[in-house]
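Undergrad: First the structure, which I've put down as structure tokens, then a few questions once you've had a look.
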Amino acid sequence: MVKNCPHCNQSTEPEPGFYFGAMFISYAINTAFFLIVWTALTLIYPDYSLTVLLTLLALTVILLLPLTYRLSRTIWIYIFVKYKPEIELEN
Ligand SMILES: [Zn+2]
């Protein structure tokens, strides 16, 4: 992760431990993925076993980890840092 935004020089880590709260965003995102996987499995293969469900959920979390990690951090910093389009560094 870059230290500062290349466009506006906004620090991407305003303080130590800033992204602790992103865990809760990540939790919400993963819950949404769980519901999607569970619903899809129930519709496609209604006689699934618990092992199949847990395996699919674990695979979903592992495979989507790069996405959820970055997405939750992005959402978290957007909550606290407002976008100011007038601030633009000259490259
Ligand atoms: Zn920026």
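Undergrad: Please list, by residue number, every one of the trypsin sites (Lys or Arg not before Pro) in region 58-89 that is coil in DSSP and has at most 16 other beta-carbon atoms within 10 Å.
TA: Filter output for region 58-89: LYS82.
Undergrad: Relative contact order of the chain: what whole-number percent is it, with Cα pairs under 8 angstrom and at least 6 residues apart?
TA: 43 percent
Undergrad: Would you list the membrane-span-like helices of the chain, meaning whole DSSP H runs whose alpha-carbon atoms span at least 24 Å along their axis and whose mean Kyte-Doolittle value is at least 1.6?
TA: Passing helices, by number: 22-44.
Undergrad: Taking the Cα centre of the chain as the origin, how large is its charge dipole in debye, to the nearest 20, when only Lys and Arg (+1) and Asp and Glu (-1) carry charge on their Cβ atoms?
TA: 80 debye
Undergrad: Only counting other Cβ atoms within 10 Å, I'd like SER11, SER49, SER26 sorted with the fewest neighbours first.
TA: Ascending number of Cβ neighbours within 10 Å: SER49, SER11, SER26.
Every number here is computed from the coordinates shown, using simple stated rules; none is lab data. Small disclaimer: the values here were computed from a predicted structure and weren't measured. Quick reminder, even Gly has a Cβ in these numbers, built from the backbone with ideal geometry, and neighbours come from all protein chains shown.
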